[in-house]
Each structure stands twice: as structure tokens, then as C-alpha cells.
Amino acid sequence: TQSTWGSVWSIIMPLAGLHLQTLFLRLELKLGHESSAAIRTLAIPPSCSFADLVCRCFGAFGALLNKEFTFKYLDDEEDLITIHSDCDWHECLRLYGQRPSQSSSPLVLYIHSVSSSNSSSKVVKVQTYNLANFNDHPYWDRRSQQIADLIRKDWPDIVGFQEIRIDSSSSPTKSMLADLLHLLPEYSHSFWSPGMSYQLGTVYEGIGVISRHPIVCAKMHPLPLDPHAVDQNGRACIKAQILVSDSKTVAGADPTKSVLLDFFVTHLSYSNDQQDEQALALWQYVLSEDTGLPQILVADFNVSPDYEHPLDFLTGGATIDGMTGDFQDVWKVVRPQEEGFTFPAWGPLEGRIDRILIRNSSFVSPLDIKIVGKGTCEEDSPSDHMSVIADLLMTTQK
């Protein structure tokens, strides 16, 4: 079957790792003019087939691949090996060992994807950032420029924000979101919703999303607030359905080059005594909005290293009221050996409270993830949180 993606995935296997049970893989995905790369270290048992190896690299997208893979050297014009996906991977390593001694190039595994005519795929870059509201945290004029510079450096498709404040008591009204949109005019689509208000209703704080792609629809869903909890700040979740395409409008989007996804943003309580209730309500809301599209949840979860039960619940490792979630934690998938702490931005780091989760894994797979926005002190940091950015491979059925 010919690929409709117009390009291939490649896995580069360094020679140094070929005699080991562990393969050090550089994964590169190219779709049209877009590309994304990630590093994986995978423990591959001797009986592992290439189909299994690919699934370990690309998750559910292994199911989209052809049954035959073609191997070649970077400096060779002709393909050297065609191998069936069920073949033991040691067979390829044996054939690799027979390469001409004068060839010093690594082996490249070109995996030709299968994408049916009724699906569309893209690499989508998403970001989450707690902005540190400008009433409790000073230096907003300086910080807003730093935040805009960080966003501009990676140009994510979609950014979810927490702690957006709007102060209508001043003249003119002060708005963190408006300030960032002024600095980032390329993000022509946005939505925000307050979760709480202060100062007799003149100051509002909430969550929001900015996008370089059309927001088809967006809405807010309140999360429960325990009147007896220490934290009495109102909490909410917003959902934005976004059409990632080459067009700035929904009407102008080419369906063969577009992906429709659901993007959720939230900010849970800092009180452990109500995080479980909010996580359950969040999960129930996500389920109620599930129409089979890729779902992305970005958040400041406010979990502490000694109490991660809400995240364990959302990712299938714990139950609440007999329910359990099925989100994937992108950081744990891509960088399982790294802490990924994001708070406070200037250290010493205390926890990984800012995360990117995904679900409906048949349509979304993690490629890479990183943390940006580190400072040395409050006086030079963009926020008290660092920001998390992920590259995700997505496909949707049309």
C-alpha cells in the first residue's frame, strides 16, 4: 500500500549498540515539510520481531505499518535488505554484520507507513505553562516578554495556560492573555475562562488556550469545590476543539492535511483533600466529551511527590469510586528515567506538577517532550513554574 503521508519514518541504530540487548534509537518522523525527532533507549528481547520493535517505538502507530521493511545504508544508492515484519531482529543484525567493511555508515530502517485515504496525520507541538498571576508575582512586563520569547522559540501549535489574570479595577483593564496575544500575533485563536474572582469581582483568574489553528468550539466546565477544604479557589477545565491544518480558517482547511483534536486545560487545587474529587470530575467530563478524537490534557496538577494519587488515577494506576483513567503521561513514556520536575523554576526543584497527558492512543502517540523556562531566581525567571512542550503524532478519521 502506498503511503499517503508522502514520507517515511526512520530508525537509526548506531553500530555501538548492535551487539547489545539494548538498542539506542534515534527516531525521526517526517510528514511533508514537518519533522520531529526523539531519542529512545529500548531494551529489546532476542525474540522481539520488527513489528514489535516498531510498536515499542511508535506505540499504536505500529498497526499502521506495512508488513515489509526496507533496510539500507546512508551512503548506498540501492536498497540492501527487504525483511518481513515477523522476522527476528537478530536476523537483520546478522545481515548488517555482513556489510562491506569499507562502509562506515549506520544502518537506517525506513518504515513506509500505511495511511488509508480516510485518515489524516500530523505532528502537533503542544505546550503547557503556568504563568504565575501578576498580582501575586511581580515583574509581569519583563516576564511577559520572556514567556513570549520562549513560545516563539519553539512555535508550538497550541499552548495551554494556567493562572491567567484579568484586573478590571485598573484603567485600562490589565489582561495577561491580551498582553501575550499582543506579543504573539501569530496566535490568532484563543479562549479563556475564569475559575475564580477576587476583590469584589474586579479581578479574575482562570485558564486559557492560544492556538495558531482555528478553534472550532470551546467551553468551560467547573470542577467541584469542597467548602471545608483549605483551598477555596474556584477550579475549572476548558475544552477547545481545534482543527490543526495549513489554513487559518475552518472553511479553508484541506481535510486530507488536517487533524481535529480535543484540547483540555485545567488547574487542580493545591489541597490534597480535594484533588481526588476534582480528578474524578475531570475524568468524567473528559469521558463525556469523547467522540473518538485525540484528546490532550495539559495542566498544573498541583500534586506533590508524596501524594500523586490523582495522577495515578488519571493514568490507570489507581481507582476512585470504582473508576480509573486511561491517560498516558507523555513524560513517563518518553523520558521514564528522568524526574521532569517543573517547580519552582529557579530550584531547588520539588515536584513534577506540570504535565501533558494524552488518550485515545490509536490516534495520538508521543514523540518527544522537554522542559523550558528555567531561571536562577524570581528576579530573572519567566514564571515560578517551568513549561513543558511535547511533540505528538496524531491521526484522525475523516
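Name the residue that is modelled with the highest pLDDT, counting only residues in the range 288-308 that are assigned to a loop (DSSP other than H, G, I, E, B) and loosely packed, with under 13 Cβ neighbours inside 10 Å. If you could, list the steps in order and put the result at the bottom.
In the first step, residues of the range 288-308 are kept if they are assigned to a loop (DSSP other than H, G, I, E, B); the result is 289-294, 301-303, 305-306, 308.
Now drop any that are not loosely packed, with under 13 Cβ neighbours inside 10 Å, which leaves 290-292, 305-306.
Working: Asp290: 95, Thr291: 90, Gly292: 89, Pro305: 88, Asp306: 89.
Within the range 288-308, the match that is modelled with the highest pLDDT is Asp290.
If you check every pair at least six apart or on different chains, which have Cβ atoms under 8 Å apart with a residue in the range 166-181 that is open to solvent by 50 Å² or more (accessible area, probe 1.4 Å) first and a residue that is part of a helix (DSSP H, G or I) second?
Short answer, once both residue conditions are applied: Asp179/Trp140; Asp179/Ser144.
Among the residues in the range 323-337, are any β-branched (Val, Ile, Thr), touching a strand residue (DSSP E or B) at 6+ places or on another chain (Cβ under 6 Å) and assigned to a loop (DSSP other than H, G, I, E, B)?
no
Which one of the conditions (1) touching a residue at least 60 places away in the same chain (Cβ under 8 Å); (2) crowded, with 19+ Cβ neighbours inside 10 Å; (3) under 21 Å from the mean Cα position of the chain (by Cα) does Gly195 fail to meet, given that it meets all the rest?
So the condition that Gly195 fails would be (3).
Please specify each residue of the range 338-381 satisfying the condition of being aromatic (Phe, Trp, Tyr) and part of a loop (DSSP other than H, G, I, E, B).
Matches in the range 338-381: Phe341, Trp346, Phe363.
Under 16 Å from the mean Cα position of the chain (by Cα) and open to solvent by 20 Å² or more (accessible area, probe 1.4 Å): which single residue out of Val364, Val388, Val333 fits that description? Reasoning before the result, please.
Values: Val364 fails: open to solvent by 20 Å² or more (accessible area, probe 1.4 Å); Val388 fails: open to solvent by 20 Å² or more (accessible area, probe 1.4 Å).
After ruling out the rest, the residue left standing is Val333.
Identify, from the list Gly322, Gly351, the residue that is in contact with a Pro (Cβ under 9 Å, 6 or more places away or on another chain) and of a type outside the set (Asp, Glu). Before you say what the answer is, go through the steps one by one.
Values: Gly322 fails: in contact with a Pro (Cβ under 9 Å, 6 or more places away or on another chain).
Unique residue meeting the criteria: Gly351.
Condition (residue is in contact with a Lys or Arg (Cβ under 9 Å, 6 or more places away or on another chain), closer than 30 Å to Ser381 by Cα and either surrounded by fewer than 18 Cβ atoms within 10 Å (Cβ to Cβ) or β-branched (Val, Ile, Thr) (or both)) applied to the range 268-278: is it met by at least one residue?
For the range 268-278, residues in contact with a Lys or Arg (Cβ under 9 Å, 6 or more places away or on another chain), closer than 30 Å to Ser381 by Cα and either surrounded by fewer than 18 Cβ atoms within 10 Å (Cβ to Cβ) or β-branched (Val, Ile, Thr) (or both): absent.
Residue under question is Leu311, and the condition is that it be open to solvent by 10 Å² or more (accessible area, probe 1.4 Å), part of a helix (DSSP H, G or I) and either touching a helix residue (DSSP H, G or I) at 6+ places or on another chain (Cβ under 8 Å) or more than 23 Å from Pro214 (Cβ to Cβ) (or both); does it hold?
The answer is no for Leu311.
Could you tell me whether the range 189-198 includes any residue that is polar (S, T, N, Q) and touching a helix residue (DSSP H, G or I) at 6+ places or on another chain (Cβ under 9 Å)?
Taking every residue of the range 189-198 in turn, at least one turns out to be polar (S, T, N, Q) and touching a helix residue (DSSP H, G or I) at 6+ places or on another chain (Cβ under 9 Å).
A quick yes/no check of all residues on (1) modelled with pLDDT under 85; (2) farther than 21 Å from Ser288 by Cα:
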{"site": "Arg235", "(1), (2)": "no, no"}
{"site": "Ala253", "(1), (2)": "yes, yes"}
{"site": "Thr256", "(1), (2)": "yes, yes"}
{"site": "Phe264", "(1), (2)": "no, no"}
{"site": "Leu268", "(1), (2)": "no, no"}
{"site": "Gln274", "(1), (2)": "no, yes"}
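Pro348 is checked against (1) on the phi < 0 side of the Ramachandran plot; (2) open to solvent by less than 50 Å² (accessible area, probe 1.4 Å) and fails just one. What number does that condition carry?
Only one criterion is unmet by Pro348, namely (2).
The values are calculated or read from the model by the stated rules, or taken from the named source; none is laboratory data. Keep in mind the model is a prediction, meaning the values are calculated, not measured. Don't worry about glycine lacking a Cβ; one is built from the backbone with ideal geometry, like all the others, and counts go over all protein chains shown. Please note that ligands, DNA and RNA were not included when accessible areas were found on the heavy atoms of the full protein model with its side chains. Shrake-Rupley method; radii C 1.70, N 1.55, O 1.52, S 1.80 Å.
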